[in-house]
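Peer 1: This is the structure I want to talk about, given as structure tokens.
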């Protein structure tokens, strides 16, 4: 996912809302617009004065675009819009800066239109939309700048579309540089929310979006949502729990994401969340034996998401047993035969026992390498390789099934 620049982001915003750029500008020319110093002055007067103005101007746009609220917060404290009502139209905080001050919209009410928080800067900000009501209002949080910010939308009601796009591009390994670590979000909670429209949450997060106990009526798109590896965020070593995701919250939150992904037929996303759910329980809820099995499942095939890993493991196991079989060959019998070639035949036949000719190939190879009585250790090695080969073949089949699942 490429990071959207300001111009591109604005065009994409209009496309998302189904409004042409020219139409949007023309519409704005004919509307009342509360912006700049007037908007800040009215906000400072408090909830009653603000709502009285909104009652008189129900059709209007409100713009705090580019406002540095951190300067005002030094005098007025946390940036609070608690209980504020917003008119039918565009409400923009695009590019606004909040510093490390809290931003609160508790029990605020947004009429038809959209709320734009794109490119806003949140420095350790706690953003609270608890119990806010968005009647037919689209909420757009596109490419903001996070620095350990925390977002809470608990008990909010969304009548329009909701879009939350991380500013960071996706990475196959889910790793971040030191500079990228600053652009992080530590909490994204939607508990007990109601969504009537489409929901899109996209990007790479180092927190687990919490959608437990939500009611959804529209499509939930989590296809491009990636949570930082749980073993980095949650489990720090053997049995020691890290701070970001207590196990009692991480597991049900990931399970809910998996449920939503499955309901919307996003199979790849559901597998990612399933893997995270298992990782979150490793060394904590799981006992030692179960944790070791889970660790092996993760390592060998990434919880059924990887085909390459078991394929590589299968070929490595074949090569290792070729070396072992060749090293244990009888010196006397080895003088007259191609030891390496027979070891390859034996190793392949043990790995692919379901092929009809494999039994004959294996028997002939062992007879040439070790005589008619190979011995107990060769039998144990043969059985061990068969079991290992079966595991890798099963994991390859599992990965292919998940890859091409319809």
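Peer 1: Go through the range 299-317 residue by residue and tally those that are without any contact (Cβ under 8 Å) to a residue 60 or more places away in the chain and surrounded by 13 or more Cβ atoms within 10 Å (Cβ to Cβ). Walk me through it before giving the result.
Peer 2: In the first step, residues of the range 299-317 are kept if they are without any contact (Cβ under 8 Å) to a residue 60 or more places away in the chain; the result is 299, 302-303, 308, 312, 315-316.
Keeping just the survivors that are surrounded by 13 or more Cβ atoms within 10 Å (Cβ to Cβ) gives 302-303, 312.
Adding up the residues that qualify gives 3.
Peer 1: Go through the range 279-297 and give me each residue that's closer than 20 Å to residue 398 by Cα and surrounded by 20 or more Cβ atoms within 10 Å (Cβ to Cβ).
Peer 2: 279
Peer 1: When you look at residue 60, is it closer than 18 Å to residue 113 by Cβ and either modelled with pLDDT under 95 or outside any helix (DSSP H, G or I) (or both), yes or no?
Peer 2: Details: closer than 18 Å to residue 113 by Cβ: yes; either modelled with pLDDT under 95 or outside any helix (DSSP H, G or I) (or both): yes.
Spelling it out, residue 60 is indeed closer than 18 Å to residue 113 by Cβ and either modelled with pLDDT under 95 or outside any helix (DSSP H, G or I) (or both).
Peer 1: Where in the range 245-363 are the helices (runs of 4 or more DSSP H), entirely inside, with at least 3 residues that are touching a strand residue (DSSP E or B) at 6+ places or on another chain (Cβ under 9 Å)? Quick ask: steps written out before the conclusion?
Peer 2: On the way: elements: 247-263, 267-281, 288-301, 308-327, 339-351.
Qualifying helices (runs of 4 or more DSSP H): 247-263, 267-281.
Peer 1: Only one residue in 260, 271 is modelled with pLDDT of 90 or more, farther than 20 Å from residue 188 by Cβ and surrounded by 19 or more Cβ atoms within 10 Å (Cβ to Cβ). Which one? So that I can check it myself, show each step before the final result.
Peer 2: Numbers: 260 fails: farther than 20 Å from residue 188 by Cβ.
That would be 271, the only listed residue that is modelled with pLDDT of 90 or more, farther than 20 Å from residue 188 by Cβ and surrounded by 19 or more Cβ atoms within 10 Å (Cβ to Cβ).
Peer 1: Looking at (1) out of contact with any helix residue (DSSP H, G or I) (no Cβ under 8 Å at 6 or more places or on another chain); (2) at positive phi, which one does residue 119 not meet, given that it meets all the others?
Peer 2: (1)
The values are calculated or read from the model by the stated rules, or taken from the named source; none is laboratory data. In this text, all values refer to a predicted model and were calculated from it rather than measured experimentally. Because the Cβ atoms are built from the backbone with ideal geometry, glycine has one as well, and the counts that use them run over all protein chains shown.
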